[in-house]
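Engineer: One structure follows; several queries about it will come next.
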Amino acid sequence: MNALTQIREFHPEIAVWRQDIHAHPEIGFMEERTSDLVAHQLAAFGIEVHRKVGRTGLVGVLRNGPRADAPGRRLGLRADMDALPIAEANTFAHRSRNAGCMHACGHDGHTAMLLGAAKYLAQTRNFDGTVHFIFQPAEEGLGGALAMLEDRLFERFPCDAIFGMHNRPKLQLGKFAVRSGAMMAGGAFFDIDVVGLGSHGARPETGIDPVMVAVQIASALQTIVSRNVRPVDTAVLSITRIHAGDAYNVIPQTARLSGTARAFSTQVMELIGTNMKRTAEGIAQAMGAKASVDFRVNFAPVINDAEQAEFAAAVCAELVGSENVVRDPPLIMASEDFSFMLEKVPGCYLNIGNGDGEGACEVHNPSYDFNDAALPLGSAFFARAVERRLAA
Ligand SMILES: [Zn+2]
Ligand SMILES: [Zn+2]
């Protein structure tokens, strides 16, 4: 009996875990109940559990066979566990019990799929090597991956390759999407503080108007993507906030511009940060004001290793047929902090279809729900990746 068939036999149990986690969502670094549930299940499967890796994160270790410690035979599988500060609009029985908080990104499903793989692998042990089940907290912009790396994730739990997956609404149920190389953008947030000289609105000659400086900066920053980034590279710079002043007749002393930049390579992101600083400071100086730039890269781009992507696609093809593995999906401008793990260990992040009818509601929407029908496929991907890579 193959892995997918065996996993389908306990599909209802995986769905129970998923709906339980959905009903009890927790924001990043507050996943106490969720990590208790995961730890309890892993221990019940006979898997060694290490708590508090990256605060509320945890790692399960399953060693099997004579070559369990051999280099090249240690695999990392990662799922994220956190929910979002969104009030759920759904009315089904497993809707959120925590007001103002919901699993609107499907991390409940990701966690349940990895638990399903853990249960299967612990029972069958048809591999020779070590599997690290990485349950990451706080993926939604709060730095969970970095927190795990700061707790020496890969020094304590060495991995020769890592895999993770995210559900994708509107990708048909039963399909996977796998891209080699850049897949998702890196992201930065920035704040630019302009200091001028406050004065009377009718007497601008006595002050330095930070509002005028801010709008010149806002306008000039639009030339970074259009004039400095190579046209064949993809990047976006959006100023999403300008704050200044409180009155009709007062030229304020300060102004603040904020926004986000996205790019698919670290080099392009660095170029945006450097040119932003030079442009903002230079324009402010030219106009007699001062500007200071705080440019914070909070997501690296997701870059899949070519060899690992080929391997992941082959595992998917085994499960659903190559015609159901989308090999050239469009780049995704959103970000994902699994990228920081991929910077340390070669691996692949892939997408699993959440459905184009049921399951088509976009993530981060109050009506979103993970599609339970996708659970066994996700678990089987992880399970087969282990059995094939760490073949006994
Ligand atoms: Zn999300
Ligand atoms: Zn997500």
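The values are calculated or read from the model by the stated rules, or taken from the named source; none is laboratory data. Treat the numbers as computed from the prediction; the structure is a model and nothing was measured. Cβ atoms come from the backbone with ideal geometry, glycine included; neighbour counts cover every protein chain shown. Surface accessibility is based on the protein's heavy atoms, side chains included, excluding ligands, DNA and RNA. Shrake-Rupley method; radii C 1.70, N 1.55, O 1.52, S 1.80 Å.
Engineer: Condition (residue is out of contact with any Leu (no Cβ under 8 Å at 6 or more places or on another chain), touching a residue at least 40 places away in the same chain (Cβ under 8 Å) and within 16 Å of ligand 1 (Cβ to nearest atom)) applied to the stretch 370-383: is it met by at least one residue?
Structural biologist: The answer is yes; a qualifying residue exists.
Engineer: Going through ALA317, ALA280, ALA291 one at a time, which residue ends up being at pLDDT 95 or above, farther than 30 Å from GLY207 by Cβ, open to solvent by less than 70 Å² (accessible area, probe 1.4 Å) and away from ligand 1 (no atom under 16 Å from the Cβ)?
Structural biologist: Going through ALA317, ALA280, ALA291 in turn, the sole match is ALA317.
Engineer: Do any residues in the stretch 317-342 that are closer than 14 Å to ALA300 by Cα and touching a residue at least 12 places away in the same chain (Cβ under 8 Å) have Cβ atoms under 7 Å from those of residues that are within 16 Å of ligand 1 (Cβ to nearest atom) and in a helix (DSSP H, G or I), where the two are at least six apart or on different chains, and which pairs are they?
Structural biologist: Listed by first residue and then by second, the contacts come to ASP337/GLY144; ASP337/ALA145; PHE338/ALA145; PHE340/ALA145; MET341/ALA145.
Engineer: Give me the helices (runs of 4 or more DSSP H) completely within the stretch 2-60, filtered to those with at least 3 residues that are farther than 18 Å from PHE133 by Cβ and open to solvent by 50 Å² or more (accessible area, probe 1.4 Å), ordered by residue number. Please lay out each step first, then the result.
Structural biologist: Working: elements: 3-9, 11-23, 32-45.
So the answer is 3-9, 11-23.
Engineer: Assuming ALA79 fulfils every condition listed in (1) open to solvent by 30 Å² or more (accessible area, probe 1.4 Å); (2) in a strand (DSSP E or B); (3) not β-branched (Val, Ile, Thr) apart from one, which condition is it?
Structural biologist: (1)
Engineer: Would it be correct to say that THR111 is within 16 Å of ligand 1 (Cβ to nearest atom) and buried (at least 21 other Cβ atoms within 10 Å of the Cβ)?
Structural biologist: Numbers: within 16 Å of ligand 1 (Cβ to nearest atom): yes; buried (at least 21 other Cβ atoms within 10 Å of the Cβ): yes.
Considered against the rule, which asks whether it is within 16 Å of ligand 1 (Cβ to nearest atom) and buried (at least 21 other Cβ atoms within 10 Å of the Cβ), THR111 comes out as yes.
Engineer: Restricting the search to the stretch 155-175, which residues are open to solvent by less than 50 Å² (accessible area, probe 1.4 Å), more than 15 Å from ligand 1 (Cβ to nearest atom) and touching a His at 6+ places or on another chain (Cβ under 9 Å)?
Structural biologist: Answer for the stretch 155-175, where residues must be open to solvent by less than 50 Å² (accessible area, probe 1.4 Å), more than 15 Å from ligand 1 (Cβ to nearest atom) and touching a His at 6+ places or on another chain (Cβ under 9 Å): PHE157, PRO158, CYS159, ILE162.
Engineer: Of the conditions (1) open to solvent by 10 Å² or more (accessible area, probe 1.4 Å); (2) touching a Pro at 6+ places or on another chain (Cβ under 6 Å); (3) within 15 Å of ligand 2 (Cβ to nearest atom), GLY143 satisfies every one except a single condition; which number is it?
Structural biologist: In the conditions (1) open to solvent by 10 Å² or more (accessible area, probe 1.4 Å); (2) touching a Pro at 6+ places or on another chain (Cβ under 6 Å); (3) within 15 Å of ligand 2 (Cβ to nearest atom), GLY143 misses (2) alone.
Engineer: Same structure, new question: Go through the stretch 325-339 residue by residue and tally those that are more than 16 Å from ligand 1 (Cβ to nearest atom) and open to solvent by 40 Å² or more (accessible area, probe 1.4 Å). Please lay out each step first, then the result.
Structural biologist: Pass one, the stretch 325-339, residues more than 16 Å from ligand 1 (Cβ to nearest atom): 325-331.
If we keep only those that are open to solvent by 40 Å² or more (accessible area, probe 1.4 Å) as well, we get 326-328, 330-331.
The number of residues fulfilling the criteria is 5.
Engineer: Moving on. Taking only the stretch 48-67 into account, find how many residues are closer than 17 Å to ALA118 by Cβ and either in contact with a Cys (Cβ under 6 Å, 6 or more places away or on another chain) or among the polar types (S, T, N, Q) (or both).
Structural biologist: Result for the stretch 48-67: 1.
Engineer: Can I ask one more? Contact list please: Cβ distance under 8 Å, first residue in the stretch 124-146 and assigned to a loop (DSSP other than H, G, I, E, B), second residue more than 16 Å from ligand 2 (Cβ to nearest atom) and of a type in the set (Ser, Thr, Tyr), pairs at least six apart or on different chains.
Structural biologist: Note: pairs meeting the criteria are PRO137/SER35; PRO137/THR56; ALA138/THR56.
Engineer: Name every residue in the stretch 351-392 that is more than 19 Å from ALA79 (Cα to Cα) and in contact with a Cys (Cβ under 9 Å, 6 or more places away or on another chain), in order of residue number.
Structural biologist: Result: SER367, single match.
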